[in-house]
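Note sheet for the following structure.
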Amino acid sequence: MPSSYTFNDPRLAKLDGFQVEIDEAHERADIILNRPPYNIVTMPQRDQLRLVFETLDEDARVRVIVIRSIGEHFSSGGNIGGFMEATPEHVSKLAWNIAAPARCAKPVIVANRGYCFGVGFELSLACDFRIVSETGLYALPEQKLGQIPGSGGSARLQKMIGITRTKDIVMRSKRISGKQAQEWGIATECVADGELEKATDKLVDELRTFSPLAQRTAKKLLNDTEDSTLAIAIELEGHCYSRLRQSDDFKEGVEAFNGKRAPKFVGR
């Protein structure tokens, strides 16, 4: 059964608007937004989320990280008043904090339902897998405040779906349904609202069947080569392939394949 995660870092002694659970039996940690009904994200919460990801990344008990929420909405966005109170230096760190899921070496899944706006959308875009329910609505509404996305939203979205669709979302503060998000390549999967948790659990269990080392390598390679030329991407892929060729996990995978059995990967 999942239990509350214990942090040694005093900065995480009291979590602001979320909780963290660990399920050691399933090698899983859940970051759960818990400020219903809209799970508004505060400025201090952004700092804590980064620290949590850095901690979980170093925890050998955790193979997969899930971000989810309590209630009918993932997050309606950030605390607007907090932007006016924060210093320019603090505001400049927003994108770095919200990019923590992308920097994390482990697979990160986010489960979205209801409103997924502003920083809620940007946090989701920084994850590796986005599972959205049919009730899900994605939006970057900053134009309505005389602003633009400030935590990587427009930049990540443009890489995923191109400039035309990104302008449609950003410049019009347009809401995109879960189904359309899947069709456009924003969401990995769109499921019925009542199936969101089941679909998330299924993906966690699937990812756990692979080599942790190969998963970490694949994530870093794909992130690092997103902006590179094809020639450089192929070159880096070859170097990563060569390094994995020497791993215990690759040896185990080959032996399991030849022996017609399930592999037992150890992550080295």
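The values are calculated or read from the model by the stated rules, or taken from the named source; none is laboratory data. Note that the structure is a prediction, hence the values are computed from the model and not measured. All Cβ positions, glycine included, derive from the backbone under ideal geometry; neighbour counts span all protein chains shown.
Scanning the range 1-35 for residues that are of a type outside the set (Phe, Trp, Tyr) and not in a loop (DSSP other than H, G, I, E, B) yields a total of 19.
Total residues in the range 6-48 satisfying the condition of being hydroxyl-bearing (Ser, Thr, Tyr) and free of Cβ contacts under 8 Å to residues at least 40 places away in the same chain: the figure is 1.
When Leu236 is tested against (1) touching a Ser or Thr at 6+ places or on another chain (Cβ under 9 Å); (2) assigned by TED's automatic domain parsing to the domain that holds Gly114, only condition (2) is not met.
Report, by residue number, each residue of the range 200-247 that is farther than 30 Å from Ile32 by Cβ and in contact with a Phe, Trp or Tyr (Cβ under 7 Å, 6 or more places away or on another chain). Answer for the range 200-247, where residues must be farther than 30 Å from Ile32 by Cβ and in contact with a Phe, Trp or Tyr (Cβ under 7 Å, 6 or more places away or on another chain): just Leu244.
Any residue at all in the range 66-74 that's more than 14 Å from the chain's Cα centre (by Cα), buried (at least 23 other Cβ atoms within 10 Å of the Cβ), under 17 Å from Gly17 (Cα atoms) and not basic (Lys, Arg)? The answer is yes; a qualifying residue exists.
To keep it simple, each residue is scored yes or no on (1) free of Cβ contacts under 8 Å to residues at least 12 places away in the same chain; (2) under 19 Å from the mean Cα position of the chain (by Cα); (3) closer than 30 Å to Phe257 by Cβ; (4) not assigned by TED's automatic domain parsing to the domain that holds Ser69.
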| site | (1), (2), (3), (4) |
| --- | --- |
| Ile148 | no, no, no, no |
| Met171 | no, no, no, no |
| Gln180 | yes, no, no, no |
| Ala187 | no, yes, no, no |
| Leu222 | yes, yes, yes, yes |
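Number of residues in the range 108-143 that are assigned to a helix (DSSP H, G or I) and either of a type in the set (Ser, Thr, Tyr) or without any contact (Cβ under 8 Å) to a residue 24 or more places away in the chain (or both) equals 1. Among the residues of the range 165-173, is there at least one that is of a type in the set (A, V, I, L, M, F, W, C), over 21 Å from Ala102 (Cβ atoms), out of contact with any His (no Cβ under 8 Å at 6 or more places or on another chain) and not in a strand (DSSP E or B)? Yes: the range 165-173 contains one or more residues that are of a type in the set (A, V, I, L, M, F, W, C), over 21 Å from Ala102 (Cβ atoms), out of contact with any His (no Cβ under 8 Å at 6 or more places or on another chain) and not in a strand (DSSP E or B).
Is it the case that the range 229-247 has a residue that's part of a helix (DSSP H, G or I), touching a residue at least 40 places away in the same chain (Cβ under 8 Å) and of a type outside the set (Lys, Arg)? No: the range 229-247 contains no residue that is part of a helix (DSSP H, G or I), touching a residue at least 40 places away in the same chain (Cβ under 8 Å) and of a type outside the set (Lys, Arg).
Against the numbered list (1) assigned to a loop (DSSP other than H, G, I, E, B); (2) within 30 Å of Gly267 (Cα to Cα); (3) within 19 Å of the chain's Cα centre (by Cα), Arg50 comes up short only at (1). Between Glu72, Glu21, the distinction of being among the charged types (D, E, K, R) and out of contact with any strand residue (DSSP E or B) (no Cβ under 6 Å at 6 or more places or on another chain) belongs to Glu72 only.
Scan the range 174-193 for residues that are touching a strand residue (DSSP E or B) at 6+ places or on another chain (Cβ under 8 Å), surrounded by fewer than 22 Cβ atoms within 10 Å (Cβ to Cβ) and assigned to a helix (DSSP H, G or I) and the total you get is 4.
Taking every residue in the range 196-218 that is touching a residue at least 12 places away in the same chain (Cβ under 8 Å) and pairing it with any residue that is buried (at least 16 other Cβ atoms within 10 Å of the Cβ) and of a type in the set (Asp, Glu), at least 6 positions away or on another chain, the pairs with Cβ-Cβ distances below 6 Å are Arg208/Glu27; Ser211/Asp249; Leu213/Asp249. Under the condition of being in a loop (DSSP other than H, G, I, E, B) and either in contact with a helix residue (DSSP H, G or I) (Cβ under 6 Å, 6 or more places away or on another chain) or not hydrophobic (A, V, I, L, M, F, W, C) (or both), which residue from the range 87-104 is surrounded by the most Cβ atoms within 10 Å (Cβ to Cβ)? Checked the range 87-104; the qualifying residue surrounded by the most Cβ atoms within 10 Å (Cβ to Cβ) is Cys104.
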